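Colleague: This is the structure, below, for whatever I ask next.
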Amino acid sequence: MWKEENNQLCRSFIFRDFMEAFSFMTHVAFLAEKHNHHPNWSNVYNQVDIRLCTHDAGDIITEKDRALAQAIDQMLDAS
């Protein structure tokens with residue numbers, strides 16, 4: 001589930017291994033380009049942490065963040 005922390009939508013994802021985590025990040029990168037909205041994220045081995053906020057709006061959560069979070073969730077549900 002996405003949590004609101006410090007004016008950001010945050011979520012951690014755990015995968016079986018690095019390759020699965022990296023594959024997920026690749027798919028998210030394509031979604032981000034499609035939405036023209038890019039996440040702050042980090043990856044260590046099998047964990048990917050994503051933080052979404054809209055820099056243009058003063059680093060707050062906007063509909064752009066919620067739409068990208070929803071698209072990421074839908075991508076995971078489809079796999």
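The values are calculated or read from the model by the stated rules, or taken from the named source; none is laboratory data. Computed from a predicted structure; not experimentally measured. Neighbour counts run over all protein chains shown; Cβ positions are idealised from the backbone, glycine included.
Colleague: Give all pairs with beta carbons closer than 9 Å in which a residue from segment 28-52 that is over 11 Å from Leu68 (Cβ atoms) and at pLDDT 95 or above meets a residue that is among the small types (Gly, Ala, Ser) and surrounded by 16 or more Cβ atoms within 10 Å (Cβ to Cβ); count only pairs at least 6 apart in sequence or on separate chains.
Modeller: Taking only residues 6 or more apart or on different chains, the pairs are Asn43/Ala21; Val44/Ala21; Tyr45/Ala21; Asn46/Ala21; Gln47/Ala21; Val48/Ala21.
Colleague: Follow-up question, since we're still on this one. Say we look at segment 19-35 and pick out the residues that are of a type in the set (Gly, Ala, Ser) and surrounded by fewer than 16 Cβ atoms within 10 Å (Cβ to Cβ); which of these is farthest from Lys3 (Cα to Cα)? Working first, answer last.
Modeller: Kept after step one, since they are of a type in the set (Gly, Ala, Ser), are these residues of segment 19-35: 21, 23, 29, 32.
Checking the rest, the ones that are also surrounded by fewer than 16 Cβ atoms within 10 Å (Cβ to Cβ) come to 23, 29.
Working: Ser23: 23, Ala29: 21 Å.
Among residues in segment 19-35 that are of a type in the set (Gly, Ala, Ser) and surrounded by fewer than 16 Cβ atoms within 10 Å (Cβ to Cβ), the one farthest from Lys3 (Cα to Cα) is Ser23.
Colleague: Select from segment 41-61 the residues that are in a loop (DSSP other than H, G, I, E, B) and either buried (at least 17 other Cβ atoms within 10 Å of the Cβ) or touching a Leu at 6+ places or on another chain (Cβ under 8 Å) (or both) and list them in ascending order. Quick ask: steps written out before the conclusion?
Modeller: Start the filter on segment 41-61 by keeping residues that are in a loop (DSSP other than H, G, I, E, B), which leaves 45-46, 53, 58-59, 61.
Answer for segment 41-61, where residues must be in a loop (DSSP other than H, G, I, E, B) and either buried (at least 17 other Cβ atoms within 10 Å of the Cβ) or touching a Leu at 6+ places or on another chain (Cβ under 8 Å) (or both): Cys53, Ile61.
Colleague: Identify the single condition in (1) over 17 Å from Met75 (Cα atoms); (2) surrounded by 11 or more Cβ atoms within 10 Å (Cβ to Cβ) that His38 does not satisfy, given that it satisfies every other one.
Modeller: (1)
Colleague: Here's another thing I want to ask about it. Given the structure, is Ser79 within 16 Å of Ser12 (Cα to Cα), without any contact (Cβ under 8 Å) to a residue 60 or more places away in the chain and among the small types (Gly, Ala, Ser)?
Modeller: The answer is no for Ser79.
Yes/no matrix, rows are residues, columns are (1) on the phi < 0 side of the Ramachandran plot; (2) under 14 Å from the mean Cα position of the chain (by Cα):
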site: Asn7; (1), (2): no, no
site: Ala29; (1), (2): yes, yes
site: Gly58; (1), (2): no, no
site: Ile61; (1), (2): yes, yes
site: Leu68; (1), (2): yes, yes
site: Ala78; (1), (2): yes, no
